[in-house]
Amino acid sequence: MWRRFLRRFIMVGVWVIVIGAIIGCIFANYSKEENVTAKIISINTRLELGTSSDNTTNASTTYLVSTDKGVFKIEPDGIMASPAFGRLEVGKTYKIHARGVRMETFGAFPYIIEAEEE
């Protein structure tokens with residue numbers, strides 16, 4: 001009886017840690033903000049194709065903005081949408097307000113929320 005109780009207690013503890021880590025990552029992605037002044041080096045569009053279980057093709061587009069201060073993402077719509085989408089020009093310097101975490105090994109980059117030309 002004690003073994004079963006101990007096993008359940010450990011499993012509940014593991015699940016609490018896993019769920020806490022997931023919530024922490026989500027919170028960090030939406031709460032970490034930074035302001036940088038950066039020169040735009042290039043703007044790239046990356047199209048990712050995949051198939052779902054019913055053999056339909058899913059396409060998602062990621063817009064990556066390379067600067068002298070690192071890579072950022074920019075979105076035209078959604079929760080991380082930016083009014084600067086489509087207005088950024090290569091070679092110009094902008095004051096960028098970004099939100100999100102930078103973990104380049106996992107393909108996670110901060111999102112540009114606002115950008116003002118310097």
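What follows is calculated from the coordinates using simple rules that are stated; it is not laboratory data. Quick caveat, the model's predicted, so the values are computed rather than measured. Reconstructed Cβ throughout: ideal geometry from the backbone, glycine too, with neighbour counts over all protein chains shown.
Extension gain, M103 to A28, is 25.8 nm, computed as 0.36 nm per intervening residue step minus the present C-alpha separation. Label sites at M1 and L49, each approximated as a point 7 angstrom past Cα along Cα to Cβ, lie 6.2 nm apart.
Of interest is the spacing of the C-alpha centroids, which for the stretch 11-32 and the stretch 63-114 amounts to 25 Å.
Can you tell me the length gained on complete extension of the stretch V18 to I41, counting 0.36 nm per residue apart and subtracting the Cα distance? Kindly include the intermediate steps, with their values, before the conclusion.
On the way: separation 23, 0.36 × 23 = 8.28 nm, distance 3.85 nm.
Full-extension gain reported as 4.4 nm.
For the chain, a crude dipole built from +1 on the beta carbon of Lys and Arg and -1 on the beta carbon of Asp and Glu, taken about the Cα centre, is about 900 debye to the nearest 20.
Pair-distance distribution of the chain: all C-alpha pairs, bin width 10 Å, starting at 0; shares per bin in whole percent are 12, 33, 24, 15, 9, 5, 1. Normalised by 2.2 N^0.38 Å, where N is the number of residues, the alpha-carbon radius of gyration of the stretch 24-73 equals 1.59. Along the charge dipole of the stretch 33-117, which of S60, S42, P83 sits closest to the positive end, that is, farthest toward it, with unit charges on the beta carbon of Lys, Arg, Asp and Glu (+1, +1, -1, -1)? Of S60, S42, P83, it is S42.
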